[in-house]
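Before any comments, here is the structure.
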Amino acid sequence: MQGKGAAGRKEQKDLADRIQALKEERDAVILAHNYQVPEVQDLADMVGDSLELSRAAAERDEAVIVFCGVDFMAETAAILSPEKTVLLPAADACCPMAEMVTAGEVQVLRERYPGAAVVCYVNTTAEVKAASDICCTSANAVRVVQSLEEDRVIFVPDRNLALYTARFTGKEIIPWEGFCIVHDRITPEEVQEARHRYPGAEVLVHPECRPEVIDLADHVFSTSGMVRHVCESGGEAFIIGTETGILYPIRKRCPGRRCFPLSAKAICTNMKKTTPEKVLKALETMDPRVTVPEEVARGARAAIGRMLSLP
């Protein structure tokens, strides 16, 4: 007789098998962000950060994209692939930072700083992307800003990523006062406590963290940059300063490395809203579907395209 644990594993496998069958029937690909719950990451054809998933959304041949992430990610996929069906299994999975700036506010900034280029973090709405000159991610923000001819750059919406980017360019960066509610609340005291708790471990933090946290870190990486560094580094122990979901892909891809969360409170509840059951339902019903009006998508596609065309 099977125990509860065995029954649960069988149920999980049956669910995964149903999703796999439907995925093939629908000609679908499942993309999952590094912060998704382990059960969803295990279902995905690709797990990565915003830049990797943006490229995959544009390059994959499947007719249906199931985006396990938050709203702006699915919007980006729909913008890049308007001929495809883009599904967001957790319809209410939003990004609070993306809602901290509007296209109207970008226009006000343009009027206030004439001649300045506008760089928008990919964590923005389609309307804000359309109102911007070029997009960036945490992995390529410095390269994007350096690619611009303008010496003055408006950067929305993340003030922390803007300030981090300013360290590596000779340009005047004008930051918007948005922030990631997860990374912004990580404190220098938590860095010091983690170093004391795990002596000798390298501290890796995300560029969405506050400047005073970045100053105490050994390295600053995007989520996928963290995974690569841990796998390729000669180190054995790492303190990871980003959303705790990243620990799963790191441990999965880099066995033998010891990784500890910088802050156990670094949890994005919106990133945890997607479940295997919601993925299955999305494939069954082909809903919730994310679409972007073409008049908005056209401008947003240009801004994203400029980013993706950089070497």
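The values are calculated or read from the model by the stated rules, or taken from the named source; none is laboratory data. Remember, predicted model here, so these are calculated numbers, not experimental data. Heads up, the Cβs are rebuilt from the backbone with ideal geometry, glycines too, and the neighbour counts pull from every protein chain shown.
Residues checked against (1) among the small types (Gly, Ala, Ser); (2) surrounded by fewer than 22 Cβ atoms within 10 Å (Cβ to Cβ); (3) out of contact with any helix residue (DSSP H, G or I) (no Cβ under 8 Å at 6 or more places or on another chain); (4) more than 17 Å from residue 95 (Cα to Cα):
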{"site": "13", "(1), (2), (3), (4)": "no, yes, yes, yes"}
{"site": "26", "(1), (2), (3), (4)": "no, yes, no, yes"}
{"site": "29", "(1), (2), (3), (4)": "no, yes, no, yes"}
{"site": "38", "(1), (2), (3), (4)": "no, yes, no, yes"}
{"site": "46", "(1), (2), (3), (4)": "no, yes, no, yes"}
{"site": "57", "(1), (2), (3), (4)": "yes, no, no, yes"}
{"site": "61", "(1), (2), (3), (4)": "no, yes, yes, yes"}
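Based on what the data block shows, is residue 269 under 22 Å from residue 160 (Cβ atoms) and modelled with pLDDT under 95?
no
Here residue 174 passes the criteria (1) among the β-branched types (Val, Ile, Thr); (2) under 15 Å from the mean Cα position of the chain (by Cα); (3) surrounded by fewer than 23 Cβ atoms within 10 Å (Cβ to Cβ) except the one numbered (2).
Hey, among 85, 102, 169, which residue is in the same structural domain as residue 278 (by TED's automatic domain parsing) and either at pLDDT 95 or above or hydroxyl-bearing (Ser, Thr, Tyr) (or both)? Explain how you work it out, then say what you get.
Numbers: 102 fails: in the same structural domain as residue 278 (by TED's automatic domain parsing); 169 fails: in the same structural domain as residue 278 (by TED's automatic domain parsing).
Within the list 85, 102, 169, the selection yields 85.
Counting only helices (runs of 4 or more DSSP H) that fall entirely inside region 169-276 and contain at least 2 residues that are under 27 Å from residue 43 (Cβ atoms), the qualifying elements are 223-232, 247-253.
Could you grab me the full set of residues in region 1-51 that are basic (Lys, Arg) and more than 30 Å from residue 266 (Cβ to Cβ)?
Within region 1-51, the first condition is being basic (Lys, Arg), and the residues that meet it are 4, 9-10, 13, 18, 23, 26.
Passing the criteria: 4, 10, 13, 18, 23, 26.
Can you tell which of 82, 114, 89, 96 is of a type outside the set (Lys, Arg) and either within 20 Å of residue 44 (Cβ to Cβ) or in contact with a strand residue (DSSP E or B) (Cβ under 8 Å, 6 or more places away or on another chain) (or both)?
The conditions single out 89.
Between 153, 144, 182, 119, which is free of Cβ contacts under 8 Å to residues at least 40 places away in the same chain, surrounded by 18 or more Cβ atoms within 10 Å (Cβ to Cβ) and either in contact with a Cys (Cβ under 7 Å, 6 or more places away or on another chain) or at positive phi (or both)?
Details: 153 fails: either in contact with a Cys (Cβ under 7 Å, 6 or more places away or on another chain) or at positive phi (or both); 144 fails: free of Cβ contacts under 8 Å to residues at least 40 places away in the same chain; 182 fails: free of Cβ contacts under 8 Å to residues at least 40 places away in the same chain.
Of 153, 144, 182, 119, the one residue that is free of Cβ contacts under 8 Å to residues at least 40 places away in the same chain, surrounded by 18 or more Cβ atoms within 10 Å (Cβ to Cβ) and either in contact with a Cys (Cβ under 7 Å, 6 or more places away or on another chain) or at positive phi (or both) is 119.
Just to be sure, is residue 304 closer than 23 Å to residue 182 by Cβ and not assigned by TED's automatic domain parsing to the domain that holds residue 22? Taking the combined requirement at face value, the residue does not satisfy it. Checked against (1) touching a residue at least 24 places away in the same chain (Cβ under 8 Å); (2) closer than 20 Å to residue 309 by Cβ; (3) of a type in the set (Asp, Glu), residue 59 passes all but condition (1).
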